[in-house]
Amino acid sequence: MRRALWKGAISFGLINIPVELYTAEKHDELDFTLLDQRDLSPVGYKRYNKKSGREVPWENIIKGYQYEEGKYVLMSDEDLRRANVEATQSIDIQSFVEREQVPILYYEQPYFLAPAKGGDKAYALLRETLLASDKMAIAQIVIRTRQHLAALIPQGDMLQLITLRYPSELRAPDDLPVPTRKSKKAAVTRQEVEMARALVEHMSAQWEPEQFHDTYRDDVLALIQKKIKSRQTHEVAEPDEAAAPASSGAKVVDLMALLKSSLEGRGRSSAKAGDDKAPQEAKEKRGAKVHKLPARKPAANTATKTAATKTAAKSVAKPRTKSKTASTSKASRSAATRRSGSTARRAQA
């Protein structure tokens, strides 16, 4: 058994009919989840405190009417009911009108009216009266926090309530470029009208709403099934809110993301640059003296490069020659010393 949206009574004259209001509308739209295209994470909606930015649970939400900037009058559901108890609990019939007198543009949202306990006979009386007179009742009803204009229309054994728009809620079409019936530019001939009427007669049929359905929805679902069969799908891991860590002021490093980026090679270039700088930065922090090599200038041409190479070769060769000469001189001195010592020993002998 579905739950009643509203409970009260229909009142006209001295008649009071206890009734319950049920929604007669069902939205059959395709339910698409909004995703962040960067990582396919679901995008959600939150009720949040505009001052602190934190989410507010339903039990902490109250209604407030702002009468001045930053000043509110708090209103509970009981306050709203007490403001006019009779209006919130009754469908007050104002008049009865011909159905054709209310343009379809005024119709808003349909509901079902069912009799509450003890209201069967009065409910049936109103239904039969409306059917016999071929009229509908115009009434007012308060649903939640708004008073609606409504029409009560019999349909079979059921009384239907359809909320109506107030005239102030409709825009006038005066500014729209619609051709008038007297317009010569858009005038149609009598033969054209007769031909169109013949087409209407050919396409005329009994009203059978069951033969109509949302073909666009069917086509979209067929395309979705086709993508599933061809494996054009993306698996999205829903975040586990219960296991999520508590928020803190400290910056949290996602090690798994860093490891994954490293394995995929996304951070190779940056990691290499960081490794080259690390030893030098470590020495500077310890106070060690670091000598930086001067930047080499690019060679102007081949001749310059060849000359620089020869010069470098000469500068390298000179120390080697000097080192060899120094070694030869040292060996000569050692030999002379040995000869002098040998001569001295022979003289003593």
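The values are calculated or read from the model by the stated rules, or taken from the named source; none is laboratory data. Worth saying up front: this structure is predicted, and the values here are computed from it rather than measured. FYI the Cβ positions are ideal-geometry reconstructions off the backbone, even for glycines, and counts take in every protein chain you see. The area values use the complete protein model at the heavy-atom level, side chains included, leaving out ligands, DNA and RNA. Shrake-Rupley method; radii C 1.70, N 1.55, O 1.52, S 1.80 Å.
Give a quick list of GluC sites (Glu not before Pro) in region 58-106 that DSSP marks as loop, anything other than H, G, I, E or B, with at most 13 other Cβ atoms within 10 Å. Of the GluC sites (Glu not before Pro), the ones in loops of region 58-106 whose Cβ has at most 13 other Cβ atoms within 10 Å are Glu69. Local charge for Val56 was computed over the other residues whose Cβ lies under 15 Å away, with Lys and Arg +1 and Asp and Glu -1, and equals +4.
With contacts taken as Cα pairs under 8 Å and at least 6 residues apart, region 22-97 reaches a relative contact order of 11 percent.
Centre-to-centre separation between the Cα atoms of region 110-146 and those of region 4-76: 26 Å.
Ranking Pro179, Ala196, Thr215 by Cα position along the charge dipole of region 178-232, where only Lys, Arg, Asp and Glu carry charges on their C-beta atoms, puts Pro179 farthest toward the positive end.
Residues whose amide H lies under 5 Å from that of His148, counting only those 5 or more places away or on a different chain, are Ile141, Val142, Ile143; hydrogens are built 1.01 Å from N in the peptide plane.
Using the 1.4 Å probe convention, the accessible area of region 27-94 works out to 94 Å² per residue with neighbouring protein chains retained.
When Trp207, Trp6, Trp58 are compared by accessible surface with a 1.4 Å probe, the order from highest to lowest is Trp207, Trp58, Trp6. Estimated at the nearest 10 Å², the accessible area of Val142 is 20 Å² with a 1.4 Å probe.
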